[in-house]
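The values are calculated or read from the model by the stated rules, or taken from the named source; none is laboratory data. Here the structure is a predicted model, which is why all the values come from computation and not from measurement. No Cβ is skipped: glycine too gets one built from the backbone with ideal geometry, and neighbour counts run over all protein chains shown. Each accessible area value is taken on the protein alone, full model and side chains, heavy atoms only, with ligands, DNA and RNA left out. Shrake-Rupley method; radii C 1.70, N 1.55, O 1.52, S 1.80 Å.
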Amino acid sequence: MLKSMGAAKQAVHANVGSETDVPVAKSTSSGRKILPIVEGVVLVAALLAPLVLQDYLTVFATRVIILALFALSFDLVWGYAGIMSFGQALFFGSAGYGVALLARDLDITNILLVLPAGTIIGLTSALLLGGFLLLGRHPSSVIFVSLGTLTGSYAADRLARGWYYLGGQNGIPSIAPMSLGGYEFTEGPAFYYLVLGILVVVYLLCRFLVRSQFGLALAGLRENEQRIAFFGYKAQHLKAIIFTIGGAIAGLAGSLYAFHEGFVWPNMVGVVVSTQVVLYVLFGGSGTLIGAVIGTVIVEGVSFWLSDNYRDVWPIILGLLLLLVILFRPLGLISFVLGERERVGSFGAKPKEKRNAAP
Amino acid sequence: ANAAEGPIKVGIATDLTGPIAYAGNADANVAKMVIKEINAAGGLLGRPLELYIEDTASNESVAVGNVRKLIQRDKVDMVLGGITSSMRNAIKDPIVARGKTLYIYPQLYEGKECTPYLFCTGPTPAQQCDEFIPWLIKNGGKKFALPSANYVWPHTLNVYARKVIESNGGEVVFEEYYPLDQVDFSSTVNRIISNKVDVVFNTVIPPGVGPFFKQLYEAGFLKSGGRLACVYYDENTLNINQAAEIEGLASCLDYFKVLTKENPFDAKIQAAYEKDFPGNFLFAAGSAATGTYRGLKLWEAAVKEAGKIDRESVAAALDHAKIAEGPGGPAEMVPGKRHCKMKMYTAVAKGGNYEIVARSNGLVDPKEC
Amino acid sequence: MPLLEAAGIKKVFGKLTALDGAALTVGENEFHGLIGPNGSGKSTLMKCIAGAEVPTQGKVSFVNTDITAFTPTERARAGMSLKFQITSVLPTLTLYDNILLALQAQCSLLDLVFSRTRGLLHDQVMTMLTQFRLADRAFDAAAALSHGQQQWLEIAMALAGKPKLLLLDEPTGGMSLEERRVTGELLQPIKQHCSLVIVEHDLDFIRDICDRLTVLDQGKVLASGTVSEIQANKAVQEIYLRRA
Amino acid sequence: MANAFVATFEILSFGAIIVLIVLGLGIIASMMGIFNFAQGEFVLLGAYITYLAYARGLPIWAGMVAAPFVVGALGFVLEALIIRRFYAAPIVAMLGTYALGLIIRESVRGLIGGFYLTVPEPIGGSIDIGSVHISAWRFTIIVITLLVMAGCYLLLSRTSFGLRMRATLENPSLARASGISTPLMYGATFAFGSALAGLAGALIVPVFSLYADLGLRFLIQGFVAVMVGGVGSFIGPVAGAGVIGTLSAALPWVMAPVVADVLVFVLAIVFIKFRPQGLIAGKGV
Amino acid sequence: MPEFLDIKHLDAGYGRSQVLFDVSLGIPWRGGVAVLGRNGAGKTTLMKIIVGELPAWNGEIGFDGRDISRRATQERVRAGIGYVPQEHSVFARLSVRDNLAVGSLASKKADAVDHVLTIFPKLGQRLDQPAGTLSGGERKMLAIGRAMLGDPKLLLLDEPTEGVWIGVIEEITERLIELAKEIAVIIVEQHLDLALRVADYAYVLDRGRVALQGEAGEVRDNPELVRYLAP
Ligand SMILES: Nc1ncnc2c1ncn2[C@@H]1O[C@H](COP(=O)(O)OP(=O)(O)OP(=O)(O)O)[C@@H](O)[C@H]1O
Ligand SMILES: Nc1ncnc2c1ncn2[C@@H]1O[C@H](COP(=O)(O)OP(=O)(O)OP(=O)(O)O)[C@@H](O)[C@H]1O
Ligand SMILES: [Mg+2]
Ligand SMILES: [Mg+2]
């Protein structure tokens, strides 16, 4: 554990030391900001997508956006607060199962009921698991939290497979579409824009949060939990709070996913999906919200394309691509355009005041 | 949305990658073989067939995306595929309810799938147990153990098997479920030995089944006259253990390769398959290859009868479709049930090969829906 | 009534008794020096007071409350602030953010989420940075500071929360004579609102800024009193002559 | 009585298998601070090499002897090309090795066609003691595991290799400043951990047969074992593996296997929660 | 004859920010040399470059007649450079005993460890303790002891006495004076007295440039010195 803390610290030094390797776009506090440009480009692309994509690709894109929402939840927890939640699928999947049961057993498919319900399921399960793993006398190590959450997700997967009420291995198929009054959200452009709208709102909320002073506290948490406890931060509470928020967002994503795909199955709470979301975020670049979105789009898009074109060997190619990115862009694809300084960001007062104040 | 002209599009969605890729690839090969054959004979309704194959990758979410490709991009007229029940559940809705397409599921399974427009062409528990279990009691003994992997197929199959065992005067000593990837079975083996079980009716699946049989063997189960039984065991699974470790294992399926010795039609398709696909992916019943063959031929018969390719007409014809020749013999759909009658064979492993020891008198009823 | 009273503190690490009934009393607005040979238990005593170590025995009270069972967070909220002997700034954050982080520690959650105090604290952050001669590096990452500069930053962070009691463990390590003098000057003004416990090996420095001294030796208090009392103390003179 | 003997033997033998698999994982985790997600695939490669030897008609033991060397050499190369870049960031390392594992696993799957293939044991059959039969190969595995453990312990505690390794992994720049060639040490450690995995794969393949997910099956179990034992020493993970292995073989004797399976993990996590440093706190060898 | 350590026109820094500018210095085969300067002047950076932890941008580093600027750290150390870093100077999780053992890996003398323990008896009482839990001063003692064990021909000390008790500083000083009679010693030190007692020659860095240099006595008496040391 000590080792991992130390290693994290070295990582930081190494990054700072190797700034020469990243000659691209090192933006200073007074330089131009790259991040908003990237965000804008992605948003415009997302808005236009259904106009240029074929039907089935719009449906695929909807799924990707839901997964991006899910990735956002993990990024918030890992990229900003340094909590390695290797079991994020637990919240995603339990919400999915929850709303699937609502639809199956109680015939509740009203969007105004099911989405809040999914969010609350995600929130509650994150609160319980987070409470156990993160609170307590000893601050918990990164490795402990990662294995703890992994095990949680693994156990939930086992439970889902074994429990008949949840459909066992087969999951719950044929979930009725989400509805609003008489309108049914079936897959297609309407669903796409609904999901995109939700993503944008959640994204903006997250953005607001991580750039606030609260975000600074999270950054402190990520760097050195013990240290900020000595400032008087309730470090473990902060962790539990952000973990819970992450769980709620994952829950929201999970319920959308369940209705969009029309079924839920044990993998959705299990290790496979948990690992997948970690990949999305690292691939895109953790610690930048847009990185999580970009990572999801690219990983999903590339595997979709590969499985079409290299049918027998696509997992191997995907593995190679992942490895190359991780090797040469350990900070994710976003680091092609974004410098270290802008990624970590600065939480001080408005840039204008800053420049005046700095001599 | 089907074009009246141009080729008829057949969609295959199966596990080309992932842990059961050996089965998925065999199914895809069978489909290629059958489509080639039909096209060589002039196609269907005067139109050629075109094959669209997508990977389900043993990953339900990848699968759904790829199945949508089949339905929405390629606009196939029918989808055949899915091997595990969970995969069937994942893709059936996008195919049948949302995609408004016909779906054929080729694998032996636990039964109880009664979705409209979804046709099953593999064996059901009734077909695999009704004649097999009495044979086991006669050729093994009355005391059964049901060690099982913990998922839906064994659970449902065991309910049926237990009923058949008990109504034939047998006794179930224990029925126990294990996590799917459990690989140590010492306590199970011990219970089997100390309870003097006669027949181990196994539904443990790989990876557990190899070590399980080995441990049983090492504990002297076979030496003291015990009988192994496993209804998904085909030519592929024989290699999991050394021949001695599963000597005498009995299985009941719709096809075994040894049938080629007695059945010219089986010899013909087996030879055709091996010529086109000489690799590792065997034409075997446990991997749904026979169900795929049967499914495609039944569908061909239905299309011919309907004279049209729209879902309603084909489904109406498929409801009572028949083929005179298929792997293991003729097959026919049970009207209104969307399941298939077929011949069943009981085979026993001897020195690394199967020997047929019993066969059904005629076509066995699936007893579903 | 003293501000801080630690009494009978015992700390055992395995076979080693690092503190053996040590005591420390600090009054309001008092600058208190803690000295002693290497390994005499100074840092351990500081950690026991700040909550980084749990004493095996003993009692710590602060502003008339028994805080022995308090967590570090609770102690910090009660008005204590510690600078560790080994520097531990937050390396990837800018200097500005390091200070802001320390300053905003006791703001309410809502204040933080809605950044209500960001503007208010700006001047304080810049004043601290200017005082400690770090203003020109305000937007550099803390990892890019030299060891001595990190010491300055740490002191600034410890001071930032306006503590009632400031605990500094060898703040001037790696500083030259001149730099020490400046540090001393920077510490003087806080006397109006704050008490200080400072561990130092540099006697001249201690003499200049402290009112009272406590000398630790092998986990026990050897002497405690005003600077001149201590200087006259025989036992203390002896350990200064003794080697390692 | 006979029953108890069999039970003990079987439980111990599974414990030994887990220990064997975790040895390499533990060394790499403790010494290099990297949770190697590709470790399972090194086990798989060891198994695959043994299978190849068998399929080519060579004696099986020849494959078993070659496996650790080949996998160790591969580990050395991979360390130099890939792993070396990850030391600073353990989480990125997890993902990097995950990708590596994916590539190896899927390639092997392609090579063996996704099947389950049997490899006979060099020493087959059972040892019969009265009415009790115990597996001769499992017995051999127990013996070899004990020997390998002792060997590793001696290597790490009695030679300066162990000291250099620990120094390097603890503080690389200071190790260099003490004259230790850190690149060599990293390579050697990783190769050593991989070789142990290769050996494990070679020895267990007759028990479990060869299939692409052979190594993956033990990975999470291995991580949990390392955590329970305690990162930072050689002995910790070994002890953890012993506990987890025997526990997961023993619990099904007294309760439903499905419950036992989840229970092992829950117990492990609760244990780590209340004793975060693990069974054996990380110091010494 | 060239100097034992001969640094010419050295430029160096981190990332893009340059820290050292055209630094040249020569160290004789025997004797002490002090490097002085205020916080952030570049002293530690210079040490890191000599030992090879940080690459130089430009310039030459000659050691024992050969150019070592491209050699890896461990090779430089094996060639005879000993280094006591300013921070992270011990193997925190290794016991004191093992820390010393690492130091003596290359040593030929059998009783070298005992010798260190007689200089720092305190360490003898802490042999089995992980070095990370040592007190600040004990840690420094261990770091110095470890570096001495390698029989260096050139010893680099980056603030060796930070946090060390006065009594022990005296002891260390005497040892270093003795040592400097046999090998070359470069010392970065804030205790001016100590530094200039050990050193015969001194360099003063200011913002990465050599601002003053000369015999120890001269430098001490130079009125400019105070200016370069003030913050
Ligand atoms: N976690 C620990 N485990 C074992 N021994 C410890 C631990 N922490 C401190 N010690 C020992 O306790 C003694 C007191 O240490 P402490 O750090 O308090 O000394 P100090 O007075 O601050 O010395 P210095 O002036 O050198 O910093 C030392 O001998 C140290 O080795
Ligand atoms: N990792 C780093 N990245 C970027 N800049 C750095 C880094 N380390 C040091 N610096 C900068 O280089 C300059 C010289 O630092 P150095 O550590 O050499 O100073 P020093 O003379 O040793 O000071 P001190 O007396 O405080 O130890 C300082 O301005 C510092 O901010
Ligand atoms: Mg101290
Ligand atoms: Mg320095």
Residues in the range C:143-159 that are among the hydrophobic types (A, V, I, L, M, F, W, C) and either more than 13 Å from chain E (Cβ to nearest Cβ) or open to solvent by 30 Å² or more (accessible area, probe 1.4 Å) (or both) total 5
Looking at the structure I just gave you, is D:Tyr153 crowded, with 18+ Cβ neighbours inside 10 Å, over 22 Å from D:Glu10 (Cα atoms) and of a type in the set (Phe, Trp, Tyr)? no
Exclusive hit being within 22 Å of D:Pro237 (Cα to Cα) and surrounded by fewer than 22 Cβ atoms within 10 Å (Cβ to Cβ), set D:Gly162, D:Gly124, D:Gly130, D:Gly193: D:Gly162
Looking at the range D:67-94, which of the residues that are without any contact (Cβ under 8 Å) to a residue 24 or more places away in the chain and buried (at least 18 other Cβ atoms within 10 Å of the Cβ) is farthest from D:Ala38 (Cα to Cα)? D:Ala88
Residue check, D:Val6 against (1) open to solvent by 20 Å² or more (accessible area, probe 1.4 Å); (2) away from chain B (no Cβ under 14 Å), all met but one. Which one? (2)
Pairs needed: first member in the range E:213-231, in contact (Cβ under 8 Å) with a residue 40 or more places away in the chain; second member anywhere, among the aromatic types (Phe, Trp, Tyr); C-beta distance under 7 Å; at least 6 residues apart or different chains. E:Gln213/E:Tyr203; E:Ala216/E:Tyr201
May I ask you to list pairs of residues, at least six apart or on different chains, whose Cβ atoms are under 6 Å apart, with the first in the range B:211-236 being closer than 19 Å to D:Val207 by Cα and the second being basic (Lys, Arg) and in a helix (DSSP H, G or I)? none
Report yes if some residue within the range D:221-231 is in a helix (DSSP H, G or I), within 14 Å of chain E (Cβ to nearest Cβ) and closer than 23 Å to D:Leu147 by Cα; otherwise report no. no
Hey, any hits in the range E:197-214 for a residue that's within 22 Å of E:Gly137 (Cβ to Cβ) and away from ligand 1 (no atom under 16 Å from the Cβ)? yes
If B:Thr84 meets every condition in (1) at pLDDT 90 or above; (2) open to solvent by 10 Å² or more (accessible area, probe 1.4 Å) apart from one, which number is that one? (1)
Residue ID - most open to solvent (accessible area, probe 1.4 Å), chosen from residues in the range A:130-157 that are free of Cβ contacts under 8 Å to residues at least 40 places away in the same chain and over 22 Å from A:Gly270 (Cβ atoms): A:Arg137
Looking only at the range D:48-70, which residues are in contact with a Phe, Trp or Tyr (Cβ under 8 Å, 6 or more places away or on another chain) and of a type in the set (A, V, I, L, M)? D:Ile60
Can you name the residue in the range B:62-90 that is polar (S, T, N, Q) and facing another protein chain (nearest Cβ under 7 Å) and is also nearest to A:Gly188 (Cα to Cα) among such residues? B:Gln72
Which condition number in (1) within 7 Å of chain A (Cβ to nearest Cβ); (2) of a type outside the set (Phe, Trp, Tyr); (3) within 16 Å of D:Tyr48 (Cβ to Cβ) is the one that D:Ile82 fails? (3)
Counting only residues that are among the acidic types (Asp, Glu), give me the helices (runs of 4 or more DSSP H) lying completely in the range D:113-194 with at least 1 of them. D:160-170
The lone condition C:Phe132 fails out of (1) open to solvent by 10 Å² or more (accessible area, probe 1.4 Å); (2) modelled with pLDDT under 90; (3) within 14 Å of chain E (Cβ to nearest Cβ); (4) under 17 Å from C:Leu187 (Cα atoms) is (1)
Subset of the range A:104-129 [open to solvent by less than 10 Å² (accessible area, probe 1.4 Å) and closer than 13 Å to A:Phe259 by Cα]: A:Val114, A:Gly118
Members of the range C:191-208 that are at pLDDT below 90 and not basic (Lys, Arg): C:Gln192, C:His193, C:Glu200, C:His201, C:Asp202, C:Leu203, C:Asp204, C:Phe205, C:Ile206, C:Asp208
Having 1 or more residues that are farther than 20 Å from C:Gln192 by Cα and away from every other protein chain (no Cβ under 11 Å) is the bar; report the strands (runs of 3 or more DSSP E) wholly within the range C:21-83 that clear it. C:31-35, C:57-62
Wholly within the range B:75-171, helices (runs of 4 or more DSSP H) carrying at least 3 residues that are within 23 Å of B:Tyr345 (Cα to Cα): B:125-129, B:132-139, B:152-167
Under 6 Å between Cβ atoms, which residue pairs at least 6 apart in sequence (or on different chains) link something in the range C:85-98 that is more than 7 Å from chain A (Cβ to nearest Cβ) with a partner that is in a loop (DSSP other than H, G, I, E, B)? C:Gln85/C:Glu170; C:Leu95/C:Leu134; C:Leu95/C:Ala138; C:Asn98/C:Val89; C:Asn98/C:Leu90
The condition from (1) buried (at least 24 other Cβ atoms within 10 Å of the Cβ); (2) at pLDDT below 90; (3) within 17 Å of A:Val293 (Cβ to Cβ) that A:Phe86 misses is numbered (3)
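Rundown of residues vs (1) aliphatic (A, V, I, L, M); (2) surrounded by 17 or more Cβ atoms within 10 Å (Cβ to Cβ); (3) modelled with pLDDT of 90 or more, yes/no style:
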{"position": "E:Val185", "(1), (2), (3)": "yes, yes, yes"}
{"position": "E:His191", "(1), (2), (3)": "no, yes, no"}
{"position": "E:Asp206", "(1), (2), (3)": "no, yes, yes"}
{"position": "E:Arg209", "(1), (2), (3)": "no, no, yes"}
{"position": "E:Gln213", "(1), (2), (3)": "no, yes, yes"}
{"position": "E:Pro223", "(1), (2), (3)": "no, no, no"}
{"position": "E:Val226", "(1), (2), (3)": "yes, no, no"}
{"position": "E:Ala230", "(1), (2), (3)": "yes, no, no"}
Find the residue count for the range E:123-136, including only residues that are at the interface with chain C (Cβ under 10 Å from one of its Cβ atoms), within 17 Å of E:Val164 (Cβ to Cβ) and away from ligand 3 (no atom under 13 Å from the Cβ). 3
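Yes/no per residue for (1) surrounded by fewer than 17 Cβ atoms within 10 Å (Cβ to Cβ); (2) more than 25 Å from E:Thr44 (Cβ to Cβ); (3) within 16 Å of ligand 3 (Cβ to nearest atom); (4) within 11 Å of chain E (Cβ to nearest Cβ):
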residue: C:Ser176; (1), (2), (3), (4): no, no, no, yes
residue: C:Arg180; (1), (2), (3), (4): no, no, no, yes
residue: C:Lys191; (1), (2), (3), (4): yes, yes, no, no
residue: C:Ile206; (1), (2), (3), (4): no, yes, yes, no
residue: C:Val215; (1), (2), (3), (4): no, yes, yes, no
residue: C:Leu222; (1), (2), (3), (4): no, yes, no, no
If you check C:Ile49, C:Ile86, which single one turns out to be within 15 Å of the chain's Cα centre (by Cα) and at pLDDT 90 or above? C:Ile49
Enumeration of residues in the range A:147-171 that are away from chain B (no Cβ under 13 Å) and modelled with pLDDT under 85: A:Leu147, A:Thr151
Anything in the range C:164-174 that is away from ligand 1 (no atom under 16 Å from the Cβ) and buried (at least 24 other Cβ atoms within 10 Å of the Cβ)? List them, or say none. C:Leu165, C:Leu166
Hey, can you tell me all the residues within the range A:259-275 that are part of a helix (DSSP H, G or I) and at the interface with another protein chain (Cβ under 9 Å from one of its Cβ atoms)? A:Glu261, A:Pro266, A:Asn267, A:Met268, A:Val271, A:Val272, A:Val273, A:Thr275
